[in-house]
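These notes are about the structure you will find just below.
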Amino acid sequence: MLAVIRGAGDIATGIALRLWRAGIRVVMTDLPQPTAIRRTVAFSQAIIHGEAAVEDVTARRADTPAQALELLRGGEIPVLADPEGACISVLRPAAVVDAILAKKNLGTQITDAPVVVGVGPGFTAGTDCHAVVETMRGHYLGRVIYKGSAQPNTGVPGLIGGFAGERVLRAPADGVFHQILEIGAQVKTGAAAAEVNGVPMTCTLDGVLRGILAEGTPVRKGMKAGDIDPRCRLEHCYCASDKALAVGGGVLEAVLRLSGALV
């Protein structure tokens, strides 16, 4: 079975890990210049660096659908710079998973594949996809919805270590992002993690810098640009999160059930 995952950020990467380990072949797509925050656990980095390894799985950049198929035969996950999902009509996968996490549907249709799964808000099962997987932290995280939609976006990050919105660092101005600290750095409240046009992006709490935009990324003021983990566990920076794997488990359930693999 072949699945195309639209998006290759950290949540999409958790989905890919679940599907890949269950024996489903995976092709991923993302922007030519990916904007993942948790870059150490995002297969989108293969587009920039040529390859990216997360846990025990390696992804590699593919320039064409034909090259993607060749990489699959070699046991690696191909990642295409294909934000429009043009490869879908060529590869004709058994499943399409929209894990762009744009909070709205950017073009995925229920006719794209025999099984189409939308991840998070912006999709309605039975209308533009066959199933939706909940992404909001809490009791329903990872649950598969076969009729209706996920919970609406609240704009407030979920609680981690007792902190919610404070965990997220946002660009302080429009301009080009200048990274000061690296992922994995131990940070204190008030420390400058980056700057934009000379305006510092300061840390909002103590913890470990779990994610940060790459040097040179164009940003707009208020754009999510960093993530602090107050639990201070360095290893969390280098493995898929509980949320990513929970969502991935929901996607796996949906794909197997809707494809008839589960009875």
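The values are calculated or read from the model by the stated rules, or taken from the named source; none is laboratory data. Only a predicted model underlies this, so the values are computations on that prediction, with no experimental measurement involved. Glycine also receives a Cβ, built like all others from the backbone with ideal geometry; neighbour counts cover every protein chain displayed. The accessibility values were calculated without ligands, DNA or RNA, using every heavy atom of the protein model including side chains. Shrake-Rupley method; radii C 1.70, N 1.55, O 1.52, S 1.80 Å.
For the stretch 176-215, give me the residue count where each residue is open to solvent by less than 70 Å² (accessible area, probe 1.4 Å), touching an Asp or Glu at 6+ places or on another chain (Cβ under 9 Å) and not in a loop (DSSP other than H, G, I, E, B).
Residues flagged as open to solvent by less than 70 Å² (accessible area, probe 1.4 Å), touching an Asp or Glu at 6+ places or on another chain (Cβ under 9 Å) and not in a loop (DSSP other than H, G, I, E, B) within the stretch 176-215 amount to 12.
Among the residues that make up the stretch 65-84, is at least one of them part of a loop (DSSP other than H, G, I, E, B) and over 23 Å from I47 (Cα atoms)?
Taking every residue of the stretch 65-84 in turn, none turns out to be part of a loop (DSSP other than H, G, I, E, B) and over 23 Å from I47 (Cα atoms).
Within the stretch 231-241, which residues are in contact with a strand residue (DSSP E or B) (Cβ under 9 Å, 6 or more places away or on another chain) and either assigned to a helix (DSSP H, G or I) or more than 16 Å from V208 (Cα to Cα) (or both)?
L234, H236, C237, Y238
Please identify the pairs in which a residue from the stretch 10-26 that is more than 14 Å from D56 (Cβ to Cβ) and open to solvent by 60 Å² or more (accessible area, probe 1.4 Å) has its Cβ atom under 6 Å from the Cβ atom of a residue that is modelled with pLDDT of 95 or more and in a helix (DSSP H, G or I), counting only partners at least 6 apart or on another chain.
Qualifying pairs under 6 Å: R25/L72.
E76 passes all but one of (1) farther than 29 Å from P121 by Cα; (2) over 19 Å from the mean Cα position of the chain (by Cα); (3) of a type outside the set (S, T, Y); which number fails?
Unmet condition: (2).
Can you tell me which residue in the stretch 27-36 is nearest to Y238 (Cα to Cα), limited to those that are crowded, with 22+ Cβ neighbours inside 10 Å and not polar (S, T, N, Q)?
The extreme case among them is A36.
With the requirement that a residue be among the charged types (D, E, K, R), open to solvent by 60 Å² or more (accessible area, probe 1.4 Å) and free of Cβ contacts under 8 Å to residues at least 60 places away in the same chain, what does the stretch 93-150 give you?
K103, K104, K147
Given the condition touching a Gly at 6+ places or on another chain (Cβ under 9 Å), within 30 Å of D112 (Cβ to Cβ) and not in a helix (DSSP H, G or I), answer yes or no: does some residue in the stretch 247-258 qualify?
Checking the stretch 247-258: not a single residue is touching a Gly at 6+ places or on another chain (Cβ under 9 Å), within 30 Å of D112 (Cβ to Cβ) and not in a helix (DSSP H, G or I).
Looking at A66 and the list (1) among the hydrophobic types (A, V, I, L, M, F, W, C); (2) open to solvent by 20 Å² or more (accessible area, probe 1.4 Å); (3) in contact (Cβ under 8 Å) with a residue 12 or more places away in the chain, which single condition is not satisfied?
(3)
For I15, which of the numbered conditions (1) over 11 Å from the mean Cα position of the chain (by Cα); (2) in a helix (DSSP H, G or I) fails to hold?
Going through the list (1) over 11 Å from the mean Cα position of the chain (by Cα); (2) in a helix (DSSP H, G or I), I15 breaks only (1).
Any chance the stretch 39-52 includes a residue that's over 28 Å from A225 (Cβ atoms), in a helix (DSSP H, G or I) and open to solvent by less than 10 Å² (accessible area, probe 1.4 Å)?
no
Among the residues of the stretch 216-228 satisfying the criterion of being out of contact with any helix residue (DSSP H, G or I) (no Cβ under 7 Å at 6 or more places or on another chain) and assigned to a strand (DSSP E or B), which is surrounded by the most Cβ atoms within 10 Å (Cβ to Cβ)?
G226
Looking only at the stretch 70-91, how many residues end up being in contact (Cβ under 8 Å) with a residue 12 or more places away in the chain and open to solvent by 60 Å² or more (accessible area, probe 1.4 Å)?
Qualifying residue count for the region: 2.
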